[in-house]
Amino acid sequence: MRETLTDRVHFLRAFVANPRQVGAILPTSRWAVRDMLDLADVPRADLVVELGAGTGVQTGEILARLGPNARLVALEIDPDLAKLLDERYDDPRLQVVCDSAENLDAHLGGKRADVLVSALPYTSFDAGLRRRVLDLLPVALAPQGVLLVIQYSPLLLRDLRRRFPSVQQKITPWNVPPAFLYACRADAS
């Protein structure tokens with residue numbers, strides 16, 4: 001309980017400091033994260049990338065599902081939240097990176113993600129940043145990879161469909177507000 005309250009305070013501070021960058025006043029619920037991760041085969045992934053790691057709600061669940069020889073690269077632009085993640089998870093499979101999602105390629109060592117998890121607040125981004133980040137996502141995925149996106153509005157659906165031939169969507173009520181979940185694949189099969 002204490003960790004959850006502390007996380008909420010950290011997250012709220014990050015939101016107040018930069019609301020367009022954070023996009024929400026509370027971290028995503030564990031239930032919504034589990035619903036989202038159920039849309040991909042995380043245990044079989046060699047490389048998972050997380051964009052917008054926040055306080056680690058997704059990070060912890062990804063690590064719980066991740067294979068013993070797999071790798072998780074978690075990008076978080078807020079230095080305080082990145083430090084929190086680094087201190088919280090002592091796991092050799094995890095690499096916490098304090099950087100913008102725009103620089104994703106620089107942190108993958110030429111690899112492509114089997115699962116890419118994004119909790120970025122796309123609708124809060126200016127149009128140019130949103131386009132640049134979304135354009136990177138199909139390129140960052142392995143051929144059979146899946147992009148998982150969690151949002152608090154359905155406004156991103158059209159942008160995702162422009163970039164991915166297969167977009168599965170689901171709404172999870174186990175979040176405040178209810179969350180829109182998307183599983184996007186470059187492989188339409």
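The values are calculated or read from the model by the stated rules, or taken from the named source; none is laboratory data. Nothing here was measured: the structure is a model prediction, and the numbers come from that model. For neighbour counting, all protein chains shown are included, and Cβ atoms are generated from backbone atoms with ideal geometry for every residue, glycine included. Just the protein is used for accessible areas: all its heavy atoms, side chains included, with ligands, DNA and RNA removed. Shrake-Rupley method; radii C 1.70, N 1.55, O 1.52, S 1.80 Å.
If you go through region 70-81 and keep only what is open to solvent by less than 10 Å² (accessible area, probe 1.4 Å) and more than 23 Å from residue 146 (Cβ to Cβ), you end up with just 81. Against the conditions (1) under 14 Å from the mean Cα position of the chain (by Cα); (2) farther than 16 Å from residue 51 by Cα; (3) hydroxyl-bearing (Ser, Thr, Tyr), residue 153 satisfies every one except (1). When the residues of region 34-61 are filtered to those that are within 19 Å of residue 171 (Cα to Cα) and among the aliphatic types (A, V, I, L, M), the one that is surrounded by the most Cβ atoms within 10 Å (Cβ to Cβ) is 36.
Just the residues that are among the polar types (S, T, N, Q) and either surrounded by 17 or more Cβ atoms within 10 Å (Cβ to Cβ) or without any contact (Cβ under 8 Å) to a residue 60 or more places away in the chain (or both), please, taken from region 136-189. Let's see the steps before the verdict.
So in region 136-189, the residues among the polar types (S, T, N, Q) come out as 144, 151, 153, 166, 168-169, 172, 175, 189.
Once the filter is applied, which keeps residues that are among the polar types (S, T, N, Q) and either surrounded by 17 or more Cβ atoms within 10 Å (Cβ to Cβ) or without any contact (Cβ under 8 Å) to a residue 60 or more places away in the chain (or both), region 136-189 yields 144, 151, 153, 166, 169, 172, 175, 189.
Each residue in region 120-135 was checked for being closer than 21 Å to residue 181 by Cβ and open to solvent by less than 40 Å² (accessible area, probe 1.4 Å), and 7 of them qualify.
Would you check which residues across region 98-118 are outside any helix (DSSP H, G or I) and open to solvent by less than 10 Å² (accessible area, probe 1.4 Å) and list them? Reasoning before the result, please.
At the first step, the residues of region 98-118 found to be outside any helix (DSSP H, G or I) are 98-100, 108-118.
Scanning region 98-118 gives 108, 113, 115, 116, 117, 118.
Being of a type in the set (Gly, Ala, Ser), closer than 19 Å to residue 136 by Cα and surrounded by fewer than 18 Cβ atoms within 10 Å (Cβ to Cβ) is the requirement here; does residue 67 meet it? Criteria not met by residue 67. Taken over region 83-120, the residue count meeting the criterion of being free of Cβ contacts under 8 Å to residues at least 60 places away in the same chain and among the basic types (Lys, Arg) is 3.
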